[in-house]
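K.L.:
The structure's right below; bear with me while I get my questions together.
Just so it is clear, none of the values below were taken in a lab; they were calculated from the coordinates. Predicted model only: the values in this text are computed from it and were never measured. Methodologically, a virtual Cβ is constructed for each residue, glycine included, from the backbone with ideal geometry; neighbour enumeration extends over all protein chains shown.
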Amino acid sequence: MKHELPPLPYDYNALEPHYDEQTVRLHHDKHHAAYVAGLNTAEEKLAEERQAGNFDAVQHWEKQLAFHGSGNLLHTLFWHNMSPNGGGEPEGDLKAQIEKDFGGFEAFKKQFSEAAVKVEGSGWALLGWMPAFEKLYIFQVENHQKLTIWGVQPLLVLDVWEHAYYLKYQNRRAEWVEAWWNLANWEDVAMRFADAKRPGTTPPMR
Ligand code: MN3
């Protein structure tokens, strides 16, 4: 089964003025599409190597698998994490958990923004639920696949690769991060949080 590029959940221009149509179009149709293609290629090449019993390039294709697989997953999440009617603050269980783990929404927002602005090179800021520790964490992801704890369920992601913002914001990554908060789809994040916390999915490690 080949992976396919999932359609955007809104029109290309729906996130204006915070996220411009031209960037969204390129980002989804070209960049995200390239990760889907890269994931398919990695899976195909690993299958070929298994069949041939020749693993000369296994290190290369395993790296490609992690990079493109994570790239595909994070971009799909990224699109759904934004909404033309986004912004504001989370409510309910998610709000309570953010207060518990970060000492309040403003403190959470500050750490998330700082993590995003200060990613070294290409990467993401990511809010994730770690079922085994029963805790929310902010991660500063490098590329698409580095610097996590195994088992974390990503809930909210912010792309700070230059391809995500350069056409409109040029080198001003902090402006992109600030604008992006106006698009944050807290309903989507809350749904993912509830899903990640469903009892019986993964037992805590204690
Ligand atoms: Mn991207």
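K.L.:
Rounded to the nearest 0.05, what FRET efficiency do TYR10 and ARG172 have when you use their Cβ-Cβ distance and R0 = 30 Å? Don't skip to the answer; put the middle values down first.
P.N.:
Numbers: r = 25 Å, r/R0 = 0.82.
Computed FRET efficiency for TYR10 and ARG172: 0.75.
K.L.:
Order by neighbour count: MET191, MET130, MET82, fewest other Cβ atoms within 10 Å first, most last. Before the final figure, lay out the partial values.
P.N.:
Numbers: MET191 14, MET130 20, MET82 23.
In order of increasing Cβ crowding within 10 Å: MET191, MET130, MET82.
K.L.:
Before rounding to the nearest 500, sum -39500 (n - 2.57) across all DSSP H runs of length at least 4 in the chain and divide by the residue total; then give [θ] at 222 nm in deg cm²/dmol. Don't jump to the answer; show the numbers that get you there.
P.N.:
Details: 8 runs with 97 residues, N = 206.
The per-residue figure over the chain is -14500 deg cm²/dmol.
K.L.:
Which one of ASN143, THR41, GLN59 has its Cα pushed farthest toward the positive end of the charge dipole of the chain, where Lys and Arg give +1 and Asp and Glu give -1 at the Cβ?
P.N.:
GLN59
K.L.:
Which of the lysines could be linked to LYS2 by a straight reach, that is with a Cα gap under 16 Å, when you skip same-chain ones fewer than 8 residues away?
P.N.:
Once the sequence-local lysines are set aside, what remains near LYS2 is LYS45.
K.L.:
Which entries in LYS118/LYS168; LYS30/LYS146; LYS110/LYS135; LYS135/LYS168; LYS100/LYS197; LYS30/LYS168 show an alpha-carbon gap greater than 25 Å?
P.N.:
Numbers: LYS118/LYS168 19 Å; LYS30/LYS146 23 Å; LYS110/LYS135 18 Å; LYS135/LYS168 35 Å; LYS100/LYS197 15 Å; LYS30/LYS168 17 Å.
Among LYS118/LYS168; LYS30/LYS146; LYS110/LYS135; LYS135/LYS168; LYS100/LYS197; LYS30/LYS168, the Cα-Cα distance tops 25 Å for LYS135/LYS168.
K.L.:
Give me the percent relative contact order of the range 82-206, please, defined on Cα pairs under 8 angstrom at least 6 residues apart. Write down the numbers at each step before the final one.
P.N.:
Numbers: 183 pairs, mean separation 40.9, N = 125.
Computed value for the range 82-206: 33 percent relative contact order.
K.L.:
Based on the Cβ-Cβ distance of HIS3 and GLU49, what FRET efficiency does E = 1/(1 + (r/R0)^6) give at R0 = 22 Å, to the nearest 0.05? Please report the intermediate quantities before stating the final value.
P.N.:
Numbers: r = 19 Å, r/R0 = 0.86.
It comes to 0.70.
K.L.:
Same structure again: By what distance, in whole Å, do the Cα atoms of the range 1-140 stretch along each of the three principal axes, largest value first?
P.N.:
55, 39, 28
K.L.:
Something else now. Hey, got the dipole for the range 53-206? About the Cα centre, +1 on K and R Cβ, -1 on D and E Cβ, debye to the nearest 20?
P.N.:
In debye, rounded to 20, the range 53-206 gives about 180.
K.L.:
To the nearest 20 Debye, how big is the dipole of the range 117-169 about its Cα centre, given +1 on the beta carbon of each Lys and Arg and -1 on that of each Asp and Glu? Could the numbers behind the result be given before it?
P.N.:
Working: 4 positive and 5 negative charges, 14 e Å.
Here the range 117-169 has a charge dipole of around 60 debye.
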